[in-house]
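Please read the structure below before turning to the comments.
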Amino acid sequence: MKDPRQYLADQLALLRQTHPLVVNITNYVVMNNTANALLALGASPIMAHSHEEMEEMLTIAGALVINIGTLDRQWIARMKHAAQLAVQMNKPLVLDPVGCGASELRTHTSRELCEIAKALGPKFIVRGNASEIMALSGEIRSTKGVDSLETSDNALGAAMALYRQYGCEVVVSGETDYVVGRRIFTLHDGHDIMPRVTGMGCTFTALTAAFAAQPQQEYLSPGLASAAVMGVAGKLAAAQSQGPGSFQMQMLDALYQLTPEQLAASVTVSELS
Ligand SMILES: Nc1ncnc2c1ncn2[C@@H]1O[C@H](COP(=O)(O)OP(=O)(O)O)[C@@H](O)[C@H]1O
Ligand SMILES: Cc1ncsc1CCOP(=O)(O)O
Ligand SMILES: [Mg+2]
């Protein structure tokens, strides 16, 4: 890869030209936040989950998000159907295993979705917090809920195991973000106010799908692009905020204002050898 910073700048510039459409099957908590974040960055969201329209949706979309945050039996059937279609249509799929480990239903469903999506290889991406990634891999059995009890450093082994098992890119968020694929990157941006706002991880997942939706140039790592954008926008937004309320608003403005040059200059990224 050329310098990862150049790759990141190119990816953001391309996104602003192509406005990729992302289909989101997501949770009731974050539908509005993630749609706004995609729009603010320059992508185009649609929230859709019905069986009847999913094939048409995926025909026009560049990528699919499956976020299990408020799952139930009916939603699980929709998620599996959409994942199967994504495989058939060779569309990138980003899974957010929200709350994996908090209930058997979440853990089991996340694994079933991974089994379906693994046929996509690197076009399948899992983005979760440390507890979720460790529960998905089987390294821990239970978690507290949707927030992480673990540091992302502790989840690196689990992320590598998932990469080997499913061939997917695995993105673990936290104070340090880890992007684990054929290569492994760490990013040290963001701000500790981010886990105090619901939906920041879901936003990360949705932005990952926006990068996955565009034609990849030299190196396929949508998770690296979204981690950089979340981290740099998060730092900029936190500097303008008084607390979680104003942070939410400032985050949308930062996603909108972020330039490719600023992204390349501000990101703290390194490759693990
Ligand atoms: N302590 C922290 N310091 C800096 N950034 C953080 C911290 N915790 C989380 N983040 C950032 O917040 C975003 C959401 O991550 P996280 O809170 O782990 O996800 P989730 O909301 O799914 O639990 C990511 O961009 C991550 O880098
Ligand atoms: C609070 C909550 N409960 C079910 S889904 C959800 C949103 C979780 O969003 P995030 O993981 O991005 O904080
Ligand atoms: Mg989450």
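The values are calculated or read from the model by the stated rules, or taken from the named source; none is laboratory data. All of these numbers come straight from a predicted model, not from anything done at the bench. Quick reminder, even Gly has a Cβ in these numbers, built from the backbone with ideal geometry, and neighbours come from all protein chains shown.
Pairing each residue of the stretch 198-215 that is at positive phi with any residue that is of a type in the set (Val, Ile, Thr), provided the two are 6+ apart or on different chains, yields C-beta distances under 6 Å for 199/30. Only a single criterion out of (1) surrounded by fewer than 16 Cβ atoms within 10 Å (Cβ to Cβ); (2) assigned to a helix (DSSP H, G or I) is not satisfied by residue 28, namely (2).
Filtering the stretch 155-188 to residues that are surrounded by fewer than 21 Cβ atoms within 10 Å (Cβ to Cβ), farther than 15 Å from residue 272 by Cα and either of a type outside the set (Gly, Ala, Ser) or within 14 Å of ligand 2 (Cβ to nearest atom) (or both) leaves 163, 164, 165, 175.
Residues that are modelled with pLDDT of 95 or more, closer than 23 Å to residue 225 by Cβ and within 16 Å of ligand 3 (Cβ to nearest atom) number at least 2 in the following helices (runs of 4 or more DSSP H) confined to the stretch 81-172: 130-137, 156-166. Within the stretch 32-61, the residues that satisfy the criterion of being under 19 Å from residue 89 (Cβ atoms) and in a helix (DSSP H, G or I) are 51, 52, 53, 54, 55, 56, 57, 58, 59, 60. Condition test on residue 234, is it among the small types (Gly, Ala, Ser), within 13 Å of ligand 1 (Cβ to nearest atom) and in contact with a strand residue (DSSP E or B) (Cβ under 8 Å, 6 or more places away or on another chain)? Against the criterion (among the small types (Gly, Ala, Ser), within 13 Å of ligand 1 (Cβ to nearest atom) and in contact with a strand residue (DSSP E or B) (Cβ under 8 Å, 6 or more places away or on another chain)), residue 234 does not qualify. Take the residues of the stretch 190-232 that are among the hydroxyl-bearing types (Ser, Thr, Tyr) and surrounded by fewer than 24 Cβ atoms within 10 Å (Cβ to Cβ): which is nearest to residue 26 (Cα to Cα)? Ranking the candidates gives 198 first. Of all residue pairs spaced 6 or more apart or on separate chains, those with beta-carbon atoms under 7 Å, a first member in the stretch 252-264 that is closer than 18 Å to residue 187 by Cβ and a second member that is charged (D, E, K, R) are 264/5. Scanning the stretch 90-112 for residues that are closer than 17 Å to residue 58 by Cα and surrounded by 19 or more Cβ atoms within 10 Å (Cβ to Cβ) yields 91, 92, 93, 94, 95.
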